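The values are calculated or read from the model by the stated rules, or taken from the named source; none is laboratory data. Just so you know, these numbers come straight off a predicted model, no measurement behind them. Don't worry about glycine lacking a Cβ; one is built from the backbone with ideal geometry, like all the others, and counts go over all protein chains shown. Please note that ligands, DNA and RNA were not included when accessible areas were found on the heavy atoms of the full protein model with its side chains. Shrake-Rupley method; radii C 1.70, N 1.55, O 1.52, S 1.80 Å.
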Amino acid sequence: MAGGRAQRKQRQAEERLQPYWGRTDPEKLCQLLKCYSPIGSSCQVVDEGNVSIPKCICPQTCPKQGEPVCSVLGKTYGSECLLHKEACRKRRRMGLSHKGPCLAPAAECTEAEYGQFPYRLMDWFLLLSRTGESYHSPSPPQACMSYTERRTLAERRFTVLDRNRDGKLSRRDLKKLRYKQMPLEHCAQRFFQSCDSNGNRKVTLQEWIDCLVLRTETWFRDFTSMKMGSKKLCPARDKNL
């Protein structure tokens, strides 16, 4: 995205929230503000004219103490601030996958990594959708998305990958995923082979949904002891915005 276009989209995103400045919790507004510019920035609450407002900025310094986080690219950072600081330095979008360190990569795909793979892959698809496709409203983190939203995300990526529009993904189609750029890419081949439940070397849309959406839910519930989209985990989204 060209710099001028990104800045213009950023102004438009901020202008849509301006009527709510001073009237709505700025932290909540930050969850709704999509950051286009500066590339790699994150929304932070800043004070302007005695009013706390959401703004996309690049952190210049970060606190020495912080909670480790894992990026969607599979790298562990000492804090979310450090993740965004590096993203801004490299002018690259690197979303947050989850709090806590990433599972350590290995030459062979471990059972723990294999179980986590569909969740990480959906995070990767969410990142791609935010940078290359248009959404009518900012996307919530995957953990706070409804089943319908996650299914729609998976269906959109299926459509992108289905070259000949036959409703099935071949191994050639799946190569478009560019494994080497994906988190836990060493688990990719094993995972997609498991999606082909009838062994015909093709993955149908239903197999794709079962493989990604349903197994993502199972992994998240087992890993966090919570259901995806639960009110305890995710703040309610303001329907008026």
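Observations on the model:
- Listed pairs 55/231; 34/232; 202/231; 99/202 exceeding 29 Å between Cα atoms: 202/231; 99/202
- Computed over protein heavy atoms with a 1.4 Å probe, the carbon and sulfur contribution to the accessible area of the chain reaches 49%.
- Surface exposure of the chain, expressed per residue as accessible area with a 1.4 Å probe, stands at 58 Å².
- Put simply, when 55-62, 225-232 are sorted by average Cβ atoms within 10 angstrom per residue, most first, you get 55-62, 225-232.
- In terms of overall dimensions, the C-alpha atoms belonging to segment 144-233 reach 42, 26, 26 Å along their principal axes, ordered largest to smallest.
- For the chain, calculated [θ]222 nm from helices alone, where every DSSP H run of n ≥ 4 adds -39500 (n - 2.57): -12000 deg cm²/dmol
- Loop-located trypsin sites (Lys or Arg not before Pro) across segment 59-103 with a Cβ neighbour count of 15 or fewer within 10 Å are 64, 91, 92, with loop assigned by DSSP.
- Compared with the dominant Cα axis of the chain, that is its longest principal axis, helix 3-17 is turned about 70°.
- Charge sum, other residues only, whose C-beta stays under 9 Å from residue 95's C-beta, Lys/Arg counted +1 and Asp/Glu -1: +1
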